[in-house]
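See structure below.
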Amino acid sequence: MRSLGIDLAAEPAGTAAFEIIWGDDSADGVLHAGALDDQRLLTLIASADKAGIDCPFGWPAPFVEAVVAHGDGAAWPGRGQVGSSHRRSLRYRLTDEVVRQRVGWWPLSVSTDLIGVPAMRCAGLLDALAVAGRPVDRAGGGRVVEVYPAAALKHWGLPHRGYKRPKGATVRSMALDRLLAMLPRLVVDEAALDRCRGNDDAFDSLVCALVARAAALGLTTRPDPGQQSERASTEGWIHLPTGELPRLLRPA
């Protein structure tokens with residue numbers, strides 16, 4: 001099978017993609033270099049069995065409802081409420097709350113942080129997939145899943161704090177070396193490994209490809225029936241690994 005990881009930025013220049021071809025006794029990794037525009041990403045997703053994208057697939061349902069009400073001139077949904085509890089419901093999705101409970105910190109807010117800009121690009125990609133006849137299940141049941149690299153690294157016992165940007169190169173290199181030691185049959189050329197050590201976008205795209213593989217094997221968290229599934233269908237759902245990293249080498 002082919003798993004694809006995409007670290008999605010607002011523009012092609014900051015976007016990275018990593019593909020892994022999984023065999024019965026080996027796995028070959030390929031880093032896709034250069035600026036990755038939407039068409040290139042759509043082509044890569046079409047060739048993958050499972051693609052993990054590091055970007056929110058939707059916005060908090062209460063936020064969407066509030067913006068629509070405000071645009072229509074209707075009453076603000078938080079009218080009369082004192083304090084920040086209502087505002088928090090506008091900032092975070094249900095899946096963000098689940099992640100916070102599991103890993104101990106909040107993901108970036110798609111409605112109030114800059115990650116909202118890449119999310120607009122992601123929404124366009126998901127729409128393009130639907131137009132091409134590949135409708136997206138935002139809960140992750142189809143070809144694409146939403147992933148969160150730092151949380152995945154924590155679950156796998158790898159360094160997950162302070163690995164971003166140039167100043168995080170040492171931590172990132174340590175995380176990569178330990179990751180490769182846990183997956184001895186994963187083969188990646190030295191140029192791609194050097195890029196992952198030197199660039200957190202490339203490294204995150206590798207982690208995304210691993211989580212996509214985990215999702216394909218049923219080794220990630222899924223929304224429970226009921227409210228979680230209902231909210232995930234519109235807000236998106238972050239897939240966190242549930243198994244150990246070496247289990248990704250088992251046959252699909």
The range 138-157, residues that are farther than 22 Å from Pro118 by Cβ and either surrounded by fewer than 19 Cβ atoms within 10 Å (Cβ to Cβ) or touching a Phe, Trp or Tyr at 6+ places or on another chain (Cβ under 8 Å) (or both): Gly141, Gly157
Positions within the range 63-101 being in contact with a helix residue (DSSP H, G or I) (Cβ under 7 Å, 6 or more places away or on another chain), farther than 17 Å from Arg231 by Cα and not aromatic (Phe, Trp, Tyr), in sequence order: Ala75, Pro77, Gly78
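Does the range 82-90 contain at least one residue that is among the β-branched types (Val, Ile, Thr) and under 21 Å from the mean Cα position of the chain (by Cα)?
no
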Residues of the range 31-43 satisfying the condition of being closer than 14 Å to Ala128 by Cβ and either touching a Lys or Arg at 6+ places or on another chain (Cβ under 8 Å) or surrounded by fewer than 19 Cβ atoms within 10 Å (Cβ to Cβ) (or both): Asp37, Asp38, Gln39, Arg40, Leu42, Thr43
Test: residue in the range 103-113 that is touching a strand residue (DSSP E or B) at 6+ places or on another chain (Cβ under 9 Å) and either small (Gly, Ala, Ser) or part of a loop (DSSP other than H, G, I, E, B) (or both): yes
Meets criteria (modelled with pLDDT of 95 or more and within 24 Å of Ala202 (Cβ to Cβ)) for Val64: no
Pairs with Cβ under 7 Å, 6+ apart, first in the range 123-146 and outside any loop (DSSP other than H, G, I, E, B), second surrounded by 14 or more Cβ atoms within 10 Å (Cβ to Cβ) and basic (Lys, Arg): Val145/Lys50
Subset of the range 170-218 (residues that are more than 17 Å from Leu8 (Cα to Cα), open to solvent by 10 Å² or more (accessible area, probe 1.4 Å) and under 20 Å from the mean Cα position of the chain (by Cα)): Arg197, Ala216, Leu217, Gly218
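Here's the yes/no breakdown for (1) open to solvent by 70 Å² or more (accessible area, probe 1.4 Å); (2) over 26 Å from Ile20 (Cβ atoms); (3) in contact with a His (Cβ under 7 Å, 6 or more places away or on another chain):
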residue: Glu65; (1), (2), (3): yes, yes, no
residue: Ala74; (1), (2), (3): no, yes, no
residue: Arg88; (1), (2), (3): yes, yes, no
residue: Glu97; (1), (2), (3): no, yes, no
residue: Pro118; (1), (2), (3): no, no, no
residue: Cys122; (1), (2), (3): no, no, no
residue: Val136; (1), (2), (3): no, no, no
Subset of the range 124-143 (residues that are touching a helix residue (DSSP H, G or I) at 6+ places or on another chain (Cβ under 8 Å) and closer than 18 Å to Leu4 by Cα): Leu125, Ala128, Leu129, Arg134, Pro135, Val136, Asp137, Arg138, Ala139, Gly140, Arg143
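The values are calculated or read from the model by the stated rules, or taken from the named source; none is laboratory data. Since the structure is predicted, the reported quantities are computational estimates derived from the model, not experimental observations. Because the Cβ atoms are built from the backbone with ideal geometry, glycine has one as well, and the counts that use them run over all protein chains shown. Just so you know, the surface numbers come from the protein's heavy atoms only, side chains and all, with ligands and any DNA or RNA stripped out. Shrake-Rupley method; radii C 1.70, N 1.55, O 1.52, S 1.80 Å.
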